[in-house]
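Worksheet: one structure, shown below.
The values are calculated or read from the model by the stated rules, or taken from the named source; none is laboratory data. Nothing here was measured: the structure is a model prediction, and the numbers come from that model. Glycine gets a Cβ as well: all are built from the backbone with ideal geometry, and neighbour counts include every protein chain shown.
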Amino acid sequence: MKAKFIEENKDEFINNVLSKCEACTVGMVDLDGNPYVLPFNFGYKDGVLYIHSGKGGKKEGILKVNNKVCVSFSTDHEMRIQNPDIACSWSMKYRSVLLDGLLTFVDDFDEKCKALNIIMDHYAKKEFTFSKPAVNNVNVMKIEIIKITAKEFGY
């Protein structure tokens, strides 16, 4: 059995996978050329992905130099066993989305609040009001999608 790339109803499939994910994993390349991967909370709306984090740290330094990212989502994990006595017959069913994008830091206060509400909508399904100090003390990042693929295995 091979993984199947999703082409038919791709947007619906992507929205379904992302709606089930509690976090995404963002891959980047550090200043020494090494891979660096971190989990993030996220929000997705109108084909744009938003993430946030504390200010400073290694990721901020990396992303200000090289804003190319790869973001992974996966859900619906379930063990698939053809023969319980043959290890190579075991596999994992899943649905996944992988995207390549360009990350920019959102600096405008109103844009940051809008992006934070998109993120919060993913988890709380409601809108919030944010204090100026809270917004000023967080990095909000917007990822413009260059390429996006979706696939499933075992379903």
When only residues in region 46-76 that are surrounded by fewer than 15 Cβ atoms within 10 Å (Cβ to Cβ) and assigned to a strand (DSSP E or B) count, which is nearest to the chain's Cα centre (by Cα)?
Val48
How many of the residues in region 90-116 are of a type in the set (S, T, N, Q) and either closer than 18 Å to Ile145 by Cα or free of Cβ contacts under 8 Å to residues at least 12 places away in the same chain (or both)?
2
Options Pro35, Pro39: the member that is without any contact (Cβ under 8 Å) to a residue 40 or more places away in the chain, over 18 Å from Tyr123 (Cβ atoms) and either loosely packed, with under 13 Cβ neighbours inside 10 Å or among the small types (Gly, Ala, Ser) (or both):
Pro35
Residue among Met141, Met79 that is at pLDDT 95 or above and either of a type in the set (A, V, I, L, M) or part of a loop (DSSP other than H, G, I, E, B) (or both)
Met141
Just name the residue that is surrounded by the fewest Cβ atoms within 10 Å (Cβ to Cβ) out of those in region 134-152 that are in contact with a strand residue (DSSP E or B) (Cβ under 9 Å, 6 or more places away or on another chain) and within 17 Å of Asp108 (Cβ to Cβ).
Asn137
